[in-house]
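The structure appears below as structure tokens.
Nothing in this text is a laboratory measurement; each read-out follows from the coordinates by a stated rule. The structure presented is a predicted model; accordingly, all values stated were derived computationally and were not measured. Methodologically, a virtual Cβ is constructed for each residue, glycine included, from the backbone with ideal geometry; neighbour enumeration extends over all protein chains shown.
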Ligand SMILES: C[S@@+](CC[C@H](N)C(=O)[O-])C[C@H]1O[C@@H](n2cnc3c(N)ncnc32)[C@H](O)[C@@H]1O
């Protein structure tokens, strides 16, 4: 989803914002990377989280049945493969959450984050902003992105940039966000290999000007996909 390059992420602090029931944090932690997951879902104990996430998984499964034509098969071969992947991911998340909730998994509700300025080199956000522009208004988008930029040192990446009801087209908020933030940041739409929803093959990268590379060392986080990210 984010064209991540593992080599460039060593010594970096990463925030996965609205990380949900996904296993990216677990995989990265196992490999020795410093990743924090934030989501308004977190906070309840593991048993309650397990009930919520297994219920959400069943809802997702039902929602996709009979809608296979809305999907660009390729990254996943078919619905079964996609659902197997999602099931594995939420179960891995749950096992990791049990071990480290309130530590690696932090309850946070956008558009506010309780982290100090410049806490993370890279902030990632997937499957919330732009995608759900039918229920999250423009102010929420702008405030959330500004907040993610506040807690980031270098860069914020958002995937996907289509609207859920847009038949694969960019969210109408994308252009406004680019115009609004353009004077102060480097904004760039980049192709990614991951694609599930039709048209969802791009991310928005928002880089800070005058970035300080001393902490992380390398010039870019780009390159190889890792664990679905
Ligand atoms: C569709 S899931 C995406 C999860 C994960 N990022 C992924 O790509 O698989 C959306 C997530 O956003 C979280 N969320 C929704 N509104 C939020 C908000 N205002 N602040 C933080 N998280 C939010 C939900 O709890 C849910 O876990």
### Task
Would you calculate, for the chain, the mean residue ellipticity at 222 nm contributed by helices, counting each DSSP H stretch of 4 or more residues as -39,500 (n - 2.57) and dividing by all residues, to the nearest 500?
-10500 deg cm²/dmol
### Query
With each pseudo-label sitting 7 Å past Cα toward Cβ, what's the residue 146-residue 7 distance in nm, one decimal?
3.9
### Message
Can you tell me, using C-alpha contacts under 8 Å and at least 6 residues apart, the relative contact order of the chain as a whole percent?
### Response
31
### Pair residue 112, residue 77: separation of 7 Å Cα→Cβ label points (nm)
4.9
### Task
With a 10 Å radius around each residue's Cβ, average the other Cβ atoms per peptide and rank 39-52, 148-161, highest first.
148-161, 39-52
### Order by protection proxy (mean Cβ within 10 Å, highest first), peptides 179-188, 102-111, 15-24
15-24, 102-111, 179-188
### Message
With viscosity set to 1.002 mPa s at 20 °C, what whole-number translational diffusion coefficient in µm²/s follows for the chain from Stokes-Einstein and a Kirkwood radius over Cα pairs?
### Response
119
### Message
Show me the ranking of peptides 121-128, 200-207, 76-83 by mean Cβ neighbours inside 10 Å, starting with the highest.
### Response
121-128, 200-207, 76-83
